[in-house]
Amino acid sequence: MSRYAISRKLDCGYDEAVVKARAAFENEGFGIVSEVHVTELLREKLGKDFRKYIIFGACTPETAYKALTIENDIGLMLPCNVIVYENDEGGSTVASIDPVISLSMVENPALGLVAREVREKIERAIGSVH
C-alpha cells in the first residue's frame, strides 16, 4: 500500500469486509458521516464497470472539534476517508488515510498532536478487522 495509507488485506469477501470495517471504526468512536458507493457511481455516471469499492467519511466528533478550534480551514481535510474494496487476490482491503501524513502539509504543531491521536484510533480500528 502507499506511504499515506494505513491498510490491511482481509481474506473475507467485500460485503463482509464492509460490515467489519464499519463496526471496527464505530468501536473506536468514529461516526460514518458519508458513504460513496464508487462501483455504482461509476456505472451510473460513466457506464463503466469497476471492482466493488466504497469510501466512508469517518469522523470522531471530539477530535474534529479540537482540530477545527485550532484551525478553521482544517475542515477541508475532514472527515477521514476509509476505503474498502475487492482486491486482486480474491479478498478485500480496508484502508484509511494516515492523518499524520495528510496533515503534515499544514504547518501547525498543535494539529500534529490531534493527527497522532486520530492515527492511533485508525490503527486500532484497522488492526481489529480480521
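Please treat every number below as a calculation from the coordinates, not as lab data. Remember, predicted model here, so these are calculated numbers, not experimental data. In this analysis, Cβ positions are derived from the backbone assuming ideal geometry, glycine residues included, and neighbour counts consider all displayed protein chains.
When the charge dipole of the chain is built from unit charges on Cβ atoms (+1 for Lys and Arg, -1 for Asp and Glu) and taken about the Cα centre, the candidate among Tyr65, Gly75, Ala95 whose Cα reaches farthest toward its positive end is Ala95. Summary of the geometry: segment 9-23 and segment 38-76, compared by the centres of their Cα atoms, lie 18 Å apart.
Can you give the longest run of the chain that contains no GluC sites (Glu not before Pro) sitting in a DSSP loop with at most 15 other Cβ atoms inside 10 Å?
1-88
Taking the inverse of the mean 1/r over every pair of distinct Cα atoms in segment 5-128 gives a Kirkwood hydrodynamic radius of 15.1 Å. Of all stretches in the chain that contain no chymotrypsin sites (Phe, Trp or Tyr not before Pro) in a DSSP loop with at most 15 other Cβ atoms within 10 Å, the longest one is 51-130.
What the Cβ-Cβ distance of Asp88 and Asn108 gives, at R0 = 35 Å and to the nearest 0.05, is a FRET efficiency of 0.35. When the chain is treated as a GNM with alpha-carbon contacts under 10 Å, the residue of Asn72, Asn87, Asn108 showing the greatest mean-square fluctuation is Asn72. Shown here for segment 47-130: trypsin sites (Lys or Arg not before Pro) in loop regions (DSSP other than H, G, I, E, B) with at most 15 other Cβ atoms within 10 Å, namely Lys48, Arg51.
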